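**Q** My questions will all concern the structure given below.
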Amino acid sequence: MVGKGTDLAGRLVQRFRRLESDRGTLESHWQEIAERILPAYSTTFTSRGVLRSPGEKRTEFIFDSTAAIALKRFAAILDSLLTPRNETWHRLVASEPSLMKDRAVALWFEDVTRALFKYRYAPPTNFASQNQQNWINLGAFGTGALFVDQLATEPGIRYRSIHLGEIYFAENHQGMVDTAFRRFELTARQAVQRWGEDGVPGRIKEQLASNPEQMAWYLHCVYPRGEERDPERGDYRGMAFASSYVALEGPQLLSEGGYSSFPYPISRYEQATGEVYGRSPGMDVLPTVKTLNEMMKTQLKQGHRTVDPVLLAHDDG
């Protein structure tokens, strides 16, 4: 069993490395956008997981903040028009329209819709803030990703906007995203909370005693189960999507599970032919944004020289 888990972990890491190498050109594009439009994402694409210090200034490339302000307005407009939190912005109905003519059926679907919105907008669910971040990612990079997880503290669900530098995905033959590999960091304390002391590598156990806030890298892999799926089983092996957590150091398989539906809703603003990731309004205006920044730099230089001009004088003058 250990050998099987080790083999699966190795194959998953190899697949992740291929997905990681396939988008190098796109990450350099995202990097330019982040530096000039969304500085909170700055240096998190090309640094290969080396994040900057929390709270560090990241606006050194911005001399004109028009694009950064416009991005927040873009997200606010989409949020208010498409997912207004004070309205029921979608409803559940039967796949057969004639069933909705039955009053009991219509009332049942109304009750389920109401319960869905109650859970979605409950404070622990965190949907509103994470959905807003997803709109921001969509405007800046053209791709947004949410993770719908089971709430650990009580019955319910938990939404989380996934940093685009963490998640790598692939499409099926019809262009639908059905595979996601997410690389993320956890402290030793968080890892033990997630998998228990018996489920983490020995090094993590040692860190829990000496330095519980020490970070380590993990991988969450979600992909179609395919022929291995047994629909007659009631456990995770009968679910449509396999879920595996892997510690990158080793690598070591930490846990296996599954999902009935894909837990990483991926949104793409628009797609170029032959591309998997989306393209964004931020990409469209990037040349203008760079021009505005260079113009502002020139104006600042001119202003400095006007106020404090260069004077020619003798050395002893």
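The values are calculated or read from the model by the stated rules, or taken from the named source; none is laboratory data. Keep in mind the model is a prediction, meaning the values are calculated, not measured. No Cβ is skipped: glycine too gets one built from the backbone with ideal geometry, and neighbour counts run over all protein chains shown. We work out accessible area using only protein heavy atoms, side chains counted, and drop any ligands, DNA or RNA first. Shrake-Rupley method; radii C 1.70, N 1.55, O 1.52, S 1.80 Å.
**Q** Pop the C-beta distance of ALA240 and SER267 into the FRET formula with R0 = 22 Å and round what comes out to the nearest 0.05. Kindly include the intermediate steps, with their values, before the conclusion.
**A** On the way: r = 21 Å, r/R0 = 0.94.
Between ALA240 and SER267 the formula returns 0.60.
**Q** Still on this structure, I have one more. Treating the range 51-135 as a set of equal point scatterers at the Cα positions, no solvent, please give the Debye-formula log₁₀ I(q)/I(0) at q = 0.18 Å⁻¹.
**A** Rounded to two decimals, the profile gives -0.93.
**Q** A follow-up question, please. Test of understanding: what is the full-extension gain from ASP111 to ARG233, defined as 0.36 nm times their sequence separation minus their Cα-Cα distance? Working shown, then result.
**A** Values: separation 122, 0.36 × 122 = 43.92 nm, distance 2.99 nm.
Gain in length upon complete extension: 40.9 nm.
**Q** Kirkwood hydrodynamic radius for the chain: how many Å is it when counted over pairs of different Cα atoms?
**A** Working: mean 1/r = 0.0437 Å⁻¹.
Computed over the chain, the radius equals 22.9 Å.
**Q** Please list, in order along the range 10-26, the HN-Hα scalar couplings obtained from phi with the Karplus expression 6.51 cos²θ - 1.76 cosθ + 1.60 (θ = phi - 60°), rounded to whole Hz, x for Gly and Pro.
**A** Each residue's phi maps through the Karplus curve to give x, 5, 5, 5, 4, 5, 4, 4, 5, 4, 5, 6, 6, 10, x, 5, 5 Hz.
**Q** For the pair ASP198/GLU275, report the inter-label distance in nm, with labels modelled 7 Å from Cα in the Cβ direction.
**A** 4.9
**Q** Further, regarding this structure: For the chain, the longest stretch holding no GluC sites (Glu not before Pro) located in a DSSP loop with at most 10 other Cβ atoms within 10 Å is which?
**A** No qualifying site falls inside 88-212, the longest such stretch.
**Q** Additional query: Compute the semi-axes of the equivalent ellipsoid of the range 200-254, taking the square root of 5 times each eigenvalue of the Cα gyration tensor, and list them largest first in whole Å.
**A** 32, 11, 8
**Q** Starting from the amide H of LEU254, placed 1.01 Å from N in the peptide plane, find each other amide H under 5 Å away whose residue is 5 or more places distant or on another chain.
**A** For LEU254, whose amide H was placed from the backbone, the distant partners under 5 Å are TYR245, VAL246, ALA247.
**Q** How many nm separate the modelled label positions at ALA152 and ARG305, each set 7 Å beyond the Cα in the direction of the Cβ?
**A** In this crude label model, ALA152 to ARG305 measures out at 5.8 nm.
**Q** Starting from the Cα gyration tensor of the range 152-230, multiply each eigenvalue by 5, take the square root, and state the resulting semi-axes largest first in whole Å. If you can, show how the numbers build up before the last one.
**A** Numbers: eigenvalues 171, 45, 40 Å².
Semi-axes (√(5λ), whole Å): 29, 15, 14.
**Q** What are the radius of gyration and Dmax of the range 143-293, computed over its Cα atoms and given in Å?
**A** When restricted to the Cα atoms of the range 143-293, Rg and Dmax are 18.5, 61 Å.
**Q** Please go through the range 59-93 and write out the trypsin sites (Lys or Arg not before Pro) that DSSP classes as loop and that have at most 15 other C-beta atoms within 10 Å.
**A** The qualifying sites are ARG85, ARG91.
**Q** Now for a separate question. If the viscosity is 1.002 mPa s and the temperature 20 °C, what translational diffusion coefficient in µm²/s does Stokes-Einstein give for the range 217-317 when Rh comes from Kirkwood over Cα pairs?
**A** This corresponds to a translational diffusion coefficient of 108 µm²/s.
**Q** HN-Hα J couplings of the range 243-250 from phi, Karplus 6.51/-1.76/1.60, θ = phi - 60°, integer Hz, Gly and Pro as x?
**A** Karplus-based 3J(HN,Hα) across the range 243-250 equals 9, 10, 9, 10, 7, 5, 6, x Hz.
**Q** Further question on the same structure: Under the rule of at least 5 residues apart or a separate chain, name every residue whose amide H is placed under 5 Å from the amide H of ARG279.
**A** TYR269, GLU270, GLN271, ALA272
**Q** Let me ask something else. How much length is gained on full extension from THR66 to ALA104, taking 0.36 nm per residue of separation minus their Cα-Cα distance? Walk me through the numbers on the way to the answer.
**A** Details: separation 38, 0.36 × 38 = 13.68 nm, distance 5.29 nm.
That works out to 8.4 nm of additional length.
**Q** Does anyone have the angle between helix 66-82 and the longest principal axis of the chain? Alpha-carbon axes, 0 to 90°, nearest 10?
**A** Computed tilt is about 30 degrees.
**Q** Considering only protein heavy atoms and a 1.4 Å probe, what is the carbon-and-sulfur percentage of the accessible area of the chain? Let's see the in-between values first.
**A** Working: 10040 of 18790 Å².
Percent of accessible area from carbon and sulfur atoms in the chain: 53.
**Q** Can you work out ³J(HN,Hα) from phi for every residue in the range 150-161, in order, using Karplus 6.51 cos²θ - 1.76 cosθ + 1.60 and θ = phi - 60°, giving whole Hz and x for Gly and Pro?
**A** Couplings: 7, 5, 7, 8, 7, x, x, 10, 9, 9, 8, 6 Hz.
**Q** Residues of the chain: accessible area per residue at 1.4 Å, in Å²?
**A** Details: 18790 Å² over 317 residues.
Each residue of the chain exposes 59 Å² on average to a 1.4 Å probe.
**Q** Once the piece of chain linking GLN190 and GLU256 is laid out straight, how much longer is it, given 0.36 nm per residue of separation minus the C-alpha distance between them?
**A** 22.0 nm
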